[in-house]
Structure formats: C-alpha cells, structure tokens
Amino acid sequence: MITLSSAYRSDKIRLTIAVFGVGCRGIVDLVVLSVTINIESLATSNALSRTTENGMSSVIQTSPMAFAASARERIEAYVAGRESVRKSKITALTPDASTREYFRIPWEKGTAVAAVYPEPFDESIHPYLDVTRLFLECDLPVPKVYDASGETGIIVQEDLGSRQLYQVFEEASEEERETLLEEAIDIIARIQAATKRAIERDSIVSRLAFDEAKLMWELNFFFEHYFGSYRKEELTHGQTAELKAELNDVAAELSACPRVLCHRDYHTANLMVDKQNAIRIVDHQDARMGPASYDLVSLLMDRQPAPPSLAEVRTHRLFLLDARRRCGLEAIDPDDFSKEFRLMTIQRGLKAVGTFTCQTAVYGRGVFYERHIRPTFLIVLQAAEWLERFPVLQKMIKDRI
C-alpha cells in the first residue's frame, strides 16, 4: 500500500510517498521516500495515482530509491563530514531482523548509535522519529535523537550502551531480576497511558492497529514460513482449512479487544539497561494500537528457553493491572485479562515462529533464530491447553516437536 502527499512549487511537485512493504520480521514496515517530479512530465504521463477500495490514494508506478553506496560507506562519509566529530573507530553492531544497519560512531565527547536505512526518507513523517517524539513528550525512556538526515538515510541517537535486559538477567540475582521486570512492566502501563496523547497529536501509531486483518496476516505469515520455507511441508486442503479456522478465531477475538498504545516488540532484547541502571526502550518505530496484554506477552514470553511458571505469569499480569490503575487507566477484570493474555500468547508466539523460520530458512540467520522455534511452540501449546481450546493447533504442535 502506498500513500501520497504533495507540496507544490511553480514548476514542480514534491511528493512524499509512504510505502508499506513486507519484511521477514512478520510486520509491515514503513519506508518514506521523497521524489520531485516536473509538472510537464506529470501532465504527459499516465495517471500517477488511483484510489483504492478503502479510499486511500495509491501510486501505481514507483522506482526503487535504494542507495548505491553501502551502509558503511555512507556512515563513514557522514562522520567524515562533521567537523565536531572526532576521528575514531566506527563499529558495526549486531544485526537484527530488519533492513536497517546499526553502527556505534564517535560523537562529540563520546559515542552515538547511527541507524542507517536503505532508502532516503522524509524526517517530518518518518515512523521512528514520529514515535520518538511522541514517547519523549510522554516522558517514556527512549534514546534522544541527535541528528536525522533523510537525504543520507541516517538517524543518529543516544548511545545507551550494550547491556540488553536479557543479558543483565543472566547475571542478576532473583531479587534484582524481579525489580527490573517490575520496572519494565510499569513502563508498559505508561506506554498505554500515552494512548490519548497519540490520538491527540495524530501520531502514526494512532492510525495503525492490530485489527483482524493485521493479526491474521501475521498468522498467515507463520503458516507460509513454518510449513513452506522451513519445513517444505504441504498440508492437505482439509488440514489447512481446519488449522486456519482456529487461527481465524484467534484473530477475530483479539481484534475485538479494547485497544491501547503498544510498543509492539517489547521483549528483553529491545530493552536496554543504561549506566544509571534504568531501563530504556529501543526499536519502538513499529508501535501501534492493540490489546492491553500485547506488550506483556512479548516481555514475558518472547524468546524464552521454556514455558514460564504459571504462578509467576499470574503475578506479573496482576502487577500490570495495578500499574495501569496507578496511571489512571480504566480497570480490566483479571479473569478477562487472563483469557486475553492466553489468546495473545498464541497469536504472538505463532507470529514469532514465522519470523524465526523466515530468518532461518530465507535469510540464513539460523544461528540467531532457530533455537527459539521449539520453546516458542511449547509456550503456545501451554496457552492453548490452559484455554482448553484449539485442538487442531495443539495436535499440529505435538506432532512436530
């Protein structure tokens, strides 16, 4: 889907094109491009845009805008061109499941982290910058942005260090771990409390949601990459129909839940512990509206080596409900929230398996992702068994793990 906006000059039109493209993270990523078109050429060309069934403007013909130079070449040129930046080593950081590349670069008296995008973008509507502005307005602990260069596809942000929460957990005592986990859950409630502000400022996050179509798209992504890309397995028409009927029920029920602002990828690899031992949020550009349980499921269930204790999960669910109360948010019945949490665990877990199998089979990143497939299936199975529902899904998992 492509949306179009324009700014007019006497002889040219400046177009801002937002392109939603599918990536192997199992999400629809937003890439913003800017193009200048001569009016005379536009007048003699075929119609540039059409209207889709839902009334949104869509561009029919576009050309790739990816940079010819590599990400490293561009960041080296960017650093070399800044007089205030001392000359020092540029370090590539661990890749994630995205098209962005990250580098630690010298910055004034210290360092910064540069996200280098494959295409140019418009700073005024770029998702990362839009969400960062919203989160900072709401006093949420995201890194500060030092510079954004849409022409070179670079965003420079505060360097939070290298301590991801999951790494800190590995060395922390049980008491320290619980304190950090409660801090992270408290931040979820604060993100949800920013829902009103997101709507008021017409942030991009207020216009994106985990509706039924989006939830089902992610489940189909799982279906395609787990059975197709990863297992090379072709189910019968009957097996496909039965399993997809259950997945449709999951998507339909979750889409009917009240929606709040969600980080959307709130797992312990996307939470940093800074020099002051405070939790900071990264990778927040994909925030959108969704069920209140979404980020908690991500925090407690994503990339876990085994299904967590049901008692611990219950304690943390109740902690979030209490944190929501402290933020002045509407009360949620604990039993209703428990059921939603289980449904969300199934959907989020299957979506994650789709990402892990895509990254493994399509992109050759199995060293990072393949080990998460089986434990995630076990977590999904635990949720389905607790609900006493989805027998076809339960059998599918048991037969294959």
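Brief remarks follow.
- Between L181, L129, L140, the distinction of being assigned to a helix (DSSP H, G or I), farther than 30 Å from N248 by Cβ and in contact with a helix residue (DSSP H, G or I) (Cβ under 9 Å, 6 or more places away or on another chain) belongs to L181 only.
- The condition of being surrounded by 19 or more Cβ atoms within 10 Å (Cβ to Cβ) and under 19 Å from E183 (Cβ atoms) holds for only one of L134, L140, that being L140.
- Taking the criterion of being over 16 Å from F337 (Cα atoms) and among the basic types (K, R), the residues of the stretch 243-274 that qualify are K244, R264.
- Residue match in the stretch 247-256 (condition: crowded, with 23+ Cβ neighbours inside 10 Å, outside the structural domain of L140 (by TED's automatic domain parsing) and either in contact with a strand residue (DSSP E or B) (Cβ under 9 Å, 6 or more places away or on another chain) or not hydrophobic (A, V, I, L, M, F, W, C) (or both)): yes
- Residue match in the stretch 109-120 (condition: under 15 Å from I281 (Cβ atoms) and not hydrophobic (A, V, I, L, M, F, W, C)): no
- If you go through the stretch 353-371 and keep only what is of a type outside the set (S, T, Y), touching a residue at least 60 places away in the same chain (Cβ under 8 Å) and surrounded by 20 or more Cβ atoms within 10 Å (Cβ to Cβ), you end up with V353, G354, C358, Q359, A361.
The values are calculated or read from the model by the stated rules, or taken from the named source; none is laboratory data. Source: prediction; values computed, not measured. Counting neighbours? That spans all protein chains shown, and the Cβs are built from the backbone with ideal geometry, glycine included.
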